[in-house]
Structures are given as C-alpha cells and as structure tokens.
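Working notes for the structure below.
Rule-based calculations on the coordinates, nothing more; no lab input. Note that the structure is predicted; figures quoted are calculated from it, not measured. Virtual Cβ from ideal backbone geometry, glycine too; neighbours counted across all protein chains shown.
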Amino acid sequence: MPGSLRRPYDRIVVAAPVTIPYARYSIKSAHWWIGRALKALTEAAGITVRDIDGFCVSSFTLGMDTGIGLTQHFGLCVRWLDHIPLGGASAIAALRRAARAVEAHDADIIACVAGDTNHTDSFRRTLENFSRFSSDAVYPHGAGGANGSFALIARNYMRTYGVKREDLGRIAVSQRANALRNPHALMKTPLTLEQYMAARPIADPIHLFDCVMPCAGAEAFLVMREETAKALGITGAKLLGTIERHNAFGNDPMQVRGGWAMDIDDLYGMAGVKPDDMDFVQTYDDYPVISMMQFEDLGFCKKGEGADFVRGHDLTIDGDFPHNTSGGQLSAGQAGAAGAYIGVTEALRQVLGTAGPTQVKNAKIGLASGFGMINYDRGLSSGAAILAGAAS
Amino acid sequence: MDKSPLQDFAAAIASGKVRIVDLTFTLSPDFPVIVLPPEVGQAMPMRIQRISRYDDAGPGWYWNNITLCEHTGTHFDAPIHWHTGKDLPNNAVDTLPPQDMIAPACVIDCSAEAAKDADFLLTVPMVEAWEAKHGRIPERHWVLLRTDWSKKNFRDYANLKEDGAHTPGPNAEVMRWLVHERGIIGFGTETIGTDWGQAFHLDPPLPAHHYLHGAGRYGLQCLCNLDQLPPTGAMIVSAPLKIENGSGSPLRVLALVSN
Amino acid sequence: MTEPLVRPRRKNPLARTRLPTLPPQWRSRTSHELTRAAAEGRFALQCCAACGHFTYPARDACPVCLSDELVFKDAPHGGTVLSETTLHIPADVYFRERAPWRIGLVKLDAGPTMVAHLHGDSKEGDTVRMSLQIDKAGQPVAFAQPQTETPHMSDDKQWREMTADPKFRRVLVTNGRTVIGQEVVRAMKEAGASIIFVGIADAWKPFPGEAALRAMEGVTIVPLNTADEKSTFDLAADIGAKIDILVNTSEHIRGGGLLDRHGTSTSVDEIEQSYMAFLHLAQAFGPVMRMRGADGVNSAVAWVNILSVYAFANWPQFGQYSAVQAACLSLSQCLRAELRPGGVRVMNVFTGPLDTEWFQTVPPPKLAPRVLATGLVRGLKNGLEDAFIGDVAEEVRQRFAANPKALERELGQ
C-alpha cells in the first residue's frame, strides 16, 4: 500500500462524544436538540460555552437559521465557524475541517454538532425540498424519497453482484442485536432473519427493515490539539487518517460504488494501517446495501464480494467483524444530520473504552464512514476516518 | 261634480268593464330573432347579465344588465327603420308623437288560413271581406293580423327552411292599400316581422316595411294573445322606449278591451 | 400485459367523492423548458451548444465543459431501463393514494440517465420510448413505455394519470351546430367516450348535419347557448357534475380588420360568441370539474379550447377575430391555473385556417375539420397541453418561437 503525500494530523484528538437520546417525534426545535448537545459537550469536557472557540453544525431542520444565527442563539463567541450541509457525510467533513483548523491554531476547541428535530411532517418536507435536481426530476416521479432512489440502486447492485435479500438481512439483523445492548436505541425488540424477510415491501427491493426510522436527536464531539485535551484533563481519540470525496465515478451509469473506492489507499496510507487492523467498523447505514458497498469500497473485501463477506463474518459486537455496534441508524434511529455522527461518536466511545454495554473488547482502532446527499440518482458524498485510542 | 272621462275609465278598469290584455312575449334570451344571412349585421337576442343577487356584488339587492337589439322580442318599428321613411320628420322612437302611442285596432282573424298554410298571404279582397262584416277600417287605426302563430313552439314559430322563413303575412298590394286607401296608423303581426316570411321575393321586397314606414306609419310584431281581442273596439297602448334616434324598441303592448 | 379498463359503474351516491390531490409541484425555472416540450408532446433535453452533450436534469451550466449555452432541443427518445422499483409507501398523498407505483432509471440513448414513471408493460432491461408528460400538477415528468404497441397499452393506470383519454369518459361538446363540433363528436365516439352531450343553441334554427347528429347513438342533445349566461348555467346545473371532458367548440369566425368594418356590432358578436362564451362555460362548469378531478375512471380530466394560431400574432385579414382569439388564449391560461388544483388539464388546440365556409376565400393549405377533430383526440390521449394541428399552425408556432416580430410583419403584408 503506497504512502500518502498528505500531511498527517499532528496530535489531533477527538473527544467528548455525546449523544442526546433520540425520540421518534419531538415537538422541540432543532435548536433545542443542538443546544442540549452543546451543553452535554461542556459537561463532558468540564468547560464552559466561552471555552469553545470553534463551532461546526449540521442540521436539516433549522429553518432559516445557519451556523451564524446559532452563535447568538447559544451565546457562542467563536473565531472559526462552519455549517456543513452534507447529510450523511457531514460528520467526517466536520472532523476533517476542524482537525486542520485546530492544528493550525485557527481555533483551540471546536464543537462539532449535528442535530435535528422530527415533527410529524418534517421527514416529508425534507424529502420534498431536498435538492433542485431532486425536486425537478426525482420527487415528482412517485415521491419515493430516499427509499425510491436507493431501491433503484439496490436492485441494480443486487442483480449485478448476485446479492440476495438474506445477505442484506444479515447486516440488519446483526445491528438489531447490537442495538438491544444500546439503552438509547429506539428499536427495543429482537429481529430475526425470518422477520426481516417477511417484512412488508416499501420500494422493491427495499422492505421495512431495510429502512431507518426518522427521529429527533443530536450527536456531538470536540476536536482539539492533544495539549489542549491534556490541559483540560480529558482523554481524546487520535485522528489517524481521513478521506472525503464528492461526485465520484459520475460516468458509472448506476451507482455500484462510492467515492471511498477512489481514496482508500490514501486513507490507510495516511493512517499507516490496513483494513485488517480495524477492531470494529461503523459504516453509514441508511440502507444495508450501502453498508455492504462500503465493506467493498473500504477494502474489507473486493467489489462484488460483499455478500460472501457478510456470509463469512459475524457482524455483532462480540463477532469477528463488529459492525455498527450502537445498532446504527437502522436500529438506533436516524436523527437527521445526526445520522452522520452516530458512527463517529460510537467509534470514539469504542476506542476510548467508554462504550459501556456495546463495548467491543480491546477495541483500540476503528473506522467510521459517512455517505450522503442523493442529489439525483446516487449518493454524492463519501468520507471515512480512522480513530485510535490514546494507548495505540 | 261632473265625472271626467278618465274617472269613468278608471272605474271601468276597476269594475272589469274594461279588460287589459297583454299582447307581449316575455323577453328571454332564447326567443327567436329575425334571421338574416350571417355575413350581414345581426340583431342581438336578449342578454341578461346579473349585476347582483343579494350576494357579494350587492348584498341587499337583485338587478341585471340587459343588452338587446331594438328589434328583439315584442317590438315596435318606427319609420326611420326603413329606407323609405328615413327622411320623414319625427320618424324615430324618441320623436314620434305621443298621441300615436294609443290608438284603436281592427283585428283580422286569419288563424284558420294560417293553420292550413304557413305561407298564407293576406290580400285586399280578404280585407274587403272583413270590412263587409265589420265595417270600413277607420283612419289612424291599427290593423292586427291574427294568425295564432304566437302559440307555436319556437322552432315552428320561426319555421326556417333552407329557403328561409315560412310565416304568414301581407302581400304588397294590401299593404299599399291599407296605408294609402285606409290611412292605418300601423300594422301588427304575431310573427317575427310585419312582413310575410318570404317577403324578400315580393315587389317591393318587404312591402309592409316599405309602405308603412314610407308613409310615417308603424309596425308591431311578435304580438301574442290577439285571439283575446274583438274584431274592432280594442284600444292599443304601445309606447316604445325613448331611445335617441331609435329605429324601434322592445315594449310592453297592452290592449284595452271593453266587455 | 395491461389490464383493460373496466367501464365504470354508476356512481354510488353514498360514497364520498375522492378529492383531487396533486403530485409534487415545484420545479426550477430552467426546468420549465421541459414543461414547454411536454406541453407540446416533444421530448426535448438540454444540449450544450459548445460540446454537444445532452444533459439532464436541467442545469444552468454544462457539466462537461461549463458552457452556459444549454439549449433545449428535441432528443432521441430511446432508452434502456437500468433499474426499476415499485413504490409501496410513497411519501406524498397523491402517490400514496395511487400506490403501488412503478418508476425506473433509464439510460437514454441521448446520454443522461432519467428517473421516469414506468409503464406497466416495461420492465428492467427493456428498451423504452421516453416522453415528457404533463402530470396532474401541470408539471413535466418523464415517462417510459414500450417502444411498440402492447395490448390495451393506453389503459395503463400510470399512463392514464398523464393523459385525458376519452375512453369511458363523458364529454360535452359545447356547440354541435358546426361541422367542427360534429367532427369532434364523431372523433370522441371513436375514442370510446361513454356519453357525448352536444350543446345546441337556438334549437329553433335548423342546421346542417342536424338529422345525423340527432340520430347518433350515445349522443345527447342539450340546449346550450354559450353566449348566454343563464343558458350555460342552467345546463351546468343539470349535467355539470357528469362532464369529464369539456370541448369548447364555440366558434364565431368573421373576416375583417379594424378600419374597413362599420360599427362594432360584429365585434360584439365575436366577443360574445367566443370570449364571453368561454367565460360563461368556465364559470358554470369549471368549479364542479375542478372538484371532480379524482373521481375514479371517469374523473373530470380535461378542458379543451379550439383556438386560432393567430391568437399568437394578429392576422389582419381576420384582425378582430385574431384579437378575440388572443383574449381567449389569455383566458385559457387563467383557467389552466385555476383548474390545476383539481388536476384538470386545459388543452389548447391551435389551428390555422379551417376548410370551412368562413375561410372560403383563403388559399390552401386549410385544415379539414376531421383532421382537427382527430388531432384533438390524439392530443387528449397523449396528454398534451398545447396541440398545434396542421401545417399552418405548426409553421406559425415555429415562426413565433423564432421571431414574433417577423411573424407580425409578414402576416400584415
């Protein structure tokens, strides 16, 4: 594996993973959820809001507000501000930008937060107003939203590589098992492969348990230099490597791979590790088929071998390939843009050894990935990060 | 105190000694109008456009705008209507003498003949035969031609064929004779127009119009209820709207009949 | 294979009439070039004038060379279905009521991929014929259907949502006195309309073709004088709730411009018989049609106006006629917007001079009434919004699009 030309992150740590427990529906605003996350960050790090000098936010339901409005809303005085509308790729993008900012001393403590509320009509409104291409050319064709678009991708992928629903079911069923150990997961009942197969169709081949449950919630973490963390007396995970890519493989007639495939050499080269070194993987799981695509594109198996891979591995917390250990979006819930963060905060807890009931034994290094923005016929944004515990 | 004739008249109406017969068709949008070749100007049928009916356009009142031709429905023809009367004095409905608006009538019943023949033509001998029975037609009287045509449905009433309307009416000679030999004030019919349906083919064409208006006399058409009038003795009240320089006017035509 | 449509039964008076809902309506301004193509039944896509690539969805710069010279032009309408899905639980009321609903991703022969409504007889891997259609919201959508005719193809439920097919629908032809009206009746009968109401004004006046019209099976003569407000409202009170397609054949054609006409009564007639007639019909029949836009197989679906193509640019030989037609065109746009909430489309059928008595002195080509009527029904079956029938109408459309000023000058010579 060739080395990367990119400059490694210089003692950048990611700390204080917080999750505001999800709710299926909430009458609160996105601001409330983001405010709770900020408060939880200060408590976790033992700082005040005045110590935060960088702020990065992602949300679909802020209405007319952007990051700047939130500074005044929350009494933040920051010298670095970002607002990332990348959906499921927001967390990785936030992490990358914040890391370089603190590395360059443009800021010292950056709060990266994603949060969304979920009113009874929020999800449909988000679908309806997702993007110009979507409103022009997708949503009026059946209003299937992400389900419809991913159904087209999934069907083509399954046909092309001989993937069966059972194979995807293994991903969903394993995640449910993981979720049962996560007290905050919205899904509280076991799921068998038989139940998965018998679920009602949503948009063929997508069935009920291929879909996430939209909900309200927030996730957040802090990015800082190691010395800052030390001064605060908190432990952070080391950021070893990241990648980010948008609109990759535009000439593929249909999406069978994401941007990761373009950049994995860079990811592992920068981190100085191999896929095999991962103690766990948190993929972006808006649909099991997308997780399977990531197993291939992130180098755990070859393209087209995703089905074999899941057949050959145990994806639960105690298995040989712990995957989406919190239950992921499929079983913990998809709290809007916080869905991008759920893998990163869980990865942080895993390498920091604070994951509690979902803890993978001796987890020292792991990968979290993101995927987002089905602007027209495919997801455009992809990203991944490798995090390691302080001891590694 | 002596009673004036009008007091007697009022008493006669009140007591029913004088009966009032309405000779007028309802002005409705679907009432037939004169049919002319479509490339020439057309008489507009009655149009009723609501202004308000106790609604947002007028919460407490109901009223309509109407548009119609001077010759729509039961109507009056003034001398200016025809080229033969165009240069006469006081020839339009706004200038015609008010005393002409009330005049007695002779009613010639040709309903039996018209029932047999839609192209029935009134002739001088027929009128002479009527005079033999009812006396000579006095000057300044209306002559009303009863055909019972007004009792037909609109399609039979207009009775249009490929060669035009087939409806009863006067021939040329009888019109000349009535106007010039008898000095009638006007001629009235139940049909659309004072003339015969095929009168374009008479000489002169449309002789009722030609002779009546050329002599400053009037026409009434689309009359009904002529069957309720006696051959003589009815008084016709026919006051057209005072339309500036108007050639005619829809109007309410009343007959006063002594019982 | 498409299930043939079943003739609808009489309406159950105890059942609530389903109210119309619409598919998603928002489109970008650029995308409305697709609206124009869909309205006319053309399959047009953006094509880069600099590098020649077709692009879709509508953009404001070419994704290949960043040129902003993206011109919508007719594109090859072939394609291949790469993938399909059946949506069982759509997010939006309109589609949820009509689920399951099939869509596909189509690789166009022209290059781009297109998300499209999928005809029941087209499946993954098939080659398809693509079209742009106006949906119930009046907005453009892509539709993929088999390249060759399949049995009962036009009965496909998704296709029928995009069209105004007269099959099993009840039609009002507002003026049956004219040859145009009578040809429309004939064409509607051929297209499978279940009842054709034919308005006859001034029933006391005979008209050519009357006996044949009265003898025609499935035709019901009704009194209707569209120039008269009360007559129009009276008929709407009787049969308004049964009209699924209204064809406004009110017609009043007179030659002449401004200066050589004496008086205004002919002009008033023109306005009454065309503009006011349209207005009366719209006010009398529009509201109930708008309410019945989702009333089953025989829902209210279309309003058709027959307009002169000289509504776009005045033809002084028929100058005042052209002007009234322009007013009617404008009114049709208002009606279109107001009927949209009901999912009822307004189709304007544009013609050049017709081969009828009022254009007797006009040299050929002139449009035969039968060709007009056939084109009108074809437009309904294909779901058009603007149908230009005949060579003259098509030529005027193109000349107007190219240079309206040139058209004005040349028509005035």
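Going 7 Å from the Cα of B:ALA12 in the Cα-to-Cβ direction, what parts of the stretch B:225-242 have a backbone nitrogen less than 12 Å from that spot? Answer for this model: B:233-236.
Summary of the geometry: the stretch A:102-149 and the stretch A:200-273, compared by the centres of their Cα atoms, lie 16 Å apart. Counting only residues at least eight positions apart within a chain, or on another chain, the aspartates and glutamates with an alpha carbon under 16 Å from that of C:LYS107 are A:ASP252, A:ASP377, C:GLU84, C:GLU124, C:ASP126.
Using the structure shown, list the pairs from B:LYS161/C:LYS242; C:LYS73/C:LYS381; C:LYS157/C:LYS242; B:LYS161/C:LYS167; A:LYS238/A:LYS361; B:LYS86/B:LYS242 with a Cα-Cα distance above 27 Å, or answer none. Those over the limit are B:LYS161/C:LYS242; B:LYS161/C:LYS167. Please give the helix C:229-239 orientation as an angle from the longest Cα principal axis of chain C, in degrees from 0 to 90, rounded to the nearest 10. It works out to around 50 degrees.
Distant-in-sequence amide contacts of B:SER52, defined by a placed amide H-H separation under 5 Å and a gap of 5 or more residues or a different chain, comprise B:TRP63. Peptide C:88-101 has a mean shielding of 6, counted as Cβ atoms of other protein chains within 10 Å of each residue's Cβ. This ranking places B:LEU229, C:LEU66, A:LEU315 by how few other beta-carbon atoms lie within 10 Å of each, fewest first, which gives C:LEU66, B:LEU229, A:LEU315.
Give the distance, in whole Å, between the Cα centre of the stretch C:58-111 and the Cα centre of the stretch B:146-194. Cα centroid of the stretch C:58-111 versus Cα centroid of the stretch B:146-194: 72 Å apart.
Ordered by the count of other Cβ atoms within 10 Å of each Cβ, fewest first, C:ILE103, A:ILE386 give A:ILE386, C:ILE103. Each residue of the stretch C:96-109 is assigned a 3J(HN,Hα), and the resulting list reads 4, 5, 10, 5, x, 10, 9, 10, x, 9, 10, 7, 7, 4 Hz, derived from the Karplus form 6.51 cos²θ - 1.76 cosθ + 1.60 (θ = phi - 60°), x at Gly and Pro.
Bridging of A:LYS164 to lysines at a Cα separation below 22 Å is possible for A:LYS302, A:LYS303, C:LYS123, once same-chain residues fewer than 8 apart are set aside.
Residues within the reach of a label modelled at B:LEU241 (point 7 angstrom out along Cα to beta-carbon, backbone nitrogen below 19 Å), restricted to the stretch B:1-25, are B:23-25. Listing A:ARG100, A:ARG311 from fewest to most neighbouring C-beta atoms within 10 Å gives A:ARG311, A:ARG100. Normalised by the number of residues in chain C, the average gap of Cα pairs under 8 Å and 6 or more apart makes the relative contact order 16 percent. Helix C:277-291 and the longest principal axis of the C-alpha atoms of chain C enclose an angle of approximately 40°. Our note on the geometry: Cα centres of the stretch A:274-320 and the stretch A:46-71, 34 Å apart. Couplings 3J(HN,Hα) for the stretch B:232-247, derived from phi with the Karplus relation 6.51 cos²θ - 1.76 cosθ + 1.60 (θ = phi - 60°), are 9, x, 6, 10, 9, 9, 9, 10, x, 4, 8, 8, 4, 6, x, 8 Hz, where x marks Gly and Pro. The distance between label points at C:GLU97 and A:MET262 comes to 4.3 nm (points 7 Å beyond Cα on the Cα→Cβ vector).
Unpaired cysteine residues in chain C (no second Cys Cβ under 4.7 Å): C:CYS47, C:CYS328, C:CYS334.
For the protein assembly as shown, what is the charge dipole size about the Cα centre, in debye to the nearest 20, if Lys and Arg each add +1 at the Cβ and Asp and Glu each add -1 at the Cβ?
Dipole size: approximately 2440 debye.
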